[in-house]
Amino acid sequence: MTIDIIYSKLLGLHIEIDYTTGLRSIRFSKLGENSKERKTLGISFDLERYFEGEMIDFSVDLDISHLSPFEQKVLEETRKIKYGRTITYSGLAENIGRGGPRAVGNALGKNPIPIIVPCHRVVAKKGIGGYSAGIDIKTKLLEFEKRNVNNL
DNA sequence: GACGATAGCCCTT
DNA sequence: AAGGGCTATCGTC
């Protein structure tokens, strides 16, 4: 098991990357700004590039076998959302062909791998919807991506 | 059964 | 036009 740590200037937070047989979890943690980083995994460098504004598509193996079939399906489908785009909870439910918008929200609320599985791109039909790590983070990510897309 | 990161409808201002 | 209450809905625990 490996745990890397990078710092995101955009969020003003450190991010812990937990990798075993695949990417297992991403955690936002509030360490001091001068807390040291540790980058040994490819995904850590990808994440770093992401936070520098690169419109990158993450390709990593995920370790999500411990999740329910429905939750796995939701994450898979969420992963298909392109950079800077959004979809609604109900739209995602339709793509999956199973479950309703609330069930999707429930599953996303337990997403162990935010950003890589871009659950911040799933919004409510009216409004932004929720984000387990804090709505401010979701807002920042969405605005950040929109900004980078427009500067193309 | 109860609980959500929902959606839609039907009021009020 | 915007916001509040109410309820149908669906997977988890």
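Miscellaneous remarks
- A Cβ distance below 6 Å, combined with a sequence gap of six or more or placement on separate chains, defines the contacts here; from the range A:97-111, residues that are part of a helix (DSSP H, G or I) reach residues that are near DNA strand C (Cβ under 6 Å from one of its atoms) in the pairs A:Ala107/A:Glu71.
- At least 3 residues being at pLDDT 95 or above and in contact with a helix residue (DSSP H, G or I) (Cβ under 6 Å, 6 or more places away or on another chain) is the threshold, and among the strands (runs of 3 or more DSSP E) wholly inside the range A:1-52 those reaching it are A:2-8.
- Some residue of the range A:46-66 being surrounded by fewer than 17 Cβ atoms within 10 Å (Cβ to Cβ), touching a residue at least 24 places away in the same chain (Cβ under 8 Å) and among the small types (Gly, Ala, Ser): yes
- Per the conditions (1) in contact with a strand residue (DSSP E or B) (Cβ under 9 Å, 6 or more places away or on another chain); (2) farther than 18 Å from A:Ser8 by Cα; (3) within 8 Å of DNA strand B (Cβ to nearest atom); (4) of a type outside the set (A, V, I, L, M, F, W, C), the sole criterion not satisfied by A:Lys138 is (2).
- Failed item in (1) more than 13 Å from DNA strand C (Cβ to nearest atom); (2) part of a loop (DSSP other than H, G, I, E, B), with A:Gly127 passing the rest: (1)
- Restricting the range A:87-105 to residues that are out of contact with any Pro (no Cβ under 8 Å at 6 or more places or on another chain) and farther than 16 Å from A:Glu76 by Cβ, the residue that is farthest from DNA strand B (Cβ to nearest atom): A:Gly100
The values are calculated or read from the model by the stated rules, or taken from the named source; none is laboratory data. Just so it is clear, the structure is predicted and the values come from calculations on it, not from any experiment. All Cβ positions, even for glycine, are placed from backbone atoms using ideal geometry, and neighbour counts span all protein chains on display.
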